[in-house]
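The values are calculated or read from the model by the stated rules, or taken from the named source; none is laboratory data. Just so it is clear, the model here is predicted, and its values are computed rather than measured. For neighbour counting, all protein chains shown are included, and Cβ atoms are generated from backbone atoms with ideal geometry for every residue, glycine included. Areas reflect the complete protein model, heavy atoms only, side chains present, ligands, DNA and RNA absent. Shrake-Rupley method; radii C 1.70, N 1.55, O 1.52, S 1.80 Å.
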Amino acid sequence: MTEIPKSHPRYESLLARECISKGVKEGLTSLQGLIAQGRGEAFDYLIGERTTPSANAATMVAAAMLLLARQPAISVNGNVAALVPAGMVELAKAIDAPLEVNLFHRTEERASKIAVLLRSLGALLVLGEQPDQRIPGLEHSRAAATSGGIFDADVVLIPLEDGDRCEALVRMGKKVIAIDLNPLSRTSRMATVTIVDNILRAVPNLVFSAVELSKSSPENWKSLIKEYDNNSTLRQAVNEILNHLNCQFS
Ligand code: ATP
Ligand code: MG
């Protein structure tokens, strides 16, 4: 990895780039993952590289939904594995959920490398190496899912997911929580709860929220969910972008 001086004004963003390119070199991340990161970075610039109030509110609701889930599951792809592998393990422990490797451009080698990495960081249950189910409405290996994991879950967390797969999971009747910097993506629009934030900020925030919320009652979690409307969160995210842009040259 290229050494990035901490004093660099774009330190965090450059470090994320280094993590993704290291992920590609190590065979965790696909080449296409580099492009997905670039699209994410562009939106992060637009939202001001900060966790916005709407993202914070969505994160609380996501934490409540994960705590209330009968059987939650967390999807991990090549970009997620390169950027926040330890954070995903921590989150899985905080909400007692399995991690499932779920790749858009699936190869068995990449699935196995990601599972090995997650286990080396202390993950208790990692699925996805031997999928035994298919998500209806998707073609080829993109449909792969595992019993006891994403296939049976009532609540699924899908960071950096493709819109098509998000839609197919919603069609199965699942509650889907997305982490996606683009409030306009199909994933963001289809999901039950969308956290419009960089995964680097969203995952620690989600772990913190889950730990804090777990100290309160399930009644409190339910009322957070009941009051939530994803469309208005996305509208708020777009307004936060507009306000940020308007402040730039005034
Ligand atoms: P969709 O299929 O939902 O319309 P898309 O085709 O534009 O989205 P994909 O490549 O399918 O995008 O999925 C990647 C998504 O992940 C993009 O919306 C991108 O903004 C987002 N993304 C990339 N990097 C990050 C990151 N570090 N944190 C959060 N979101 C990210
Ligand atoms: Mg897509």
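Brief remarks on what is shown
- Shape index of the stretch 115-250: Rg/Rh, with Rg the Cα radius of gyration and Rh the Kirkwood radius from the inverse mean 1/r over Cα pairs, equals 1.01.
- Mean Cβ count within 10 Å, highest first, over the residues of peptides 84-96, 114-126, 175-187: 175-187, 84-96, 114-126
- In the context of the full set of protein chains, the stretch 93-250 has a per residue accessible area of 49 Å² (1.4 Å probe).
- Principal semi-axes in Å for the chain [√(5λ), Cα gyration tensor, largest first]: 25, 24, 17
- The chain, relative contact order [Cα under 8 Å, separation at least 6], %: 23 percent
- The count of lysine pairs in the chain with alpha-carbon distances below 27 Å, taking only pairs 8 or more places apart or on different chains, stands at 18.
- Of the accessible area of the stretch 133-245, computed with a 1.4 Å probe over protein heavy atoms only, carbon and sulfur atoms account for 53 percent.
- Per-residue extension of 0.36 nm, minus the Cα-Cα distance of GLU212 and GLU139, leaves a gain of 22.3 nm for this segment.
- Relative contact order for the stretch 183-242, counting Cα pairs under 8 Å that sit 6 or more residues apart, in percent: 55 percent
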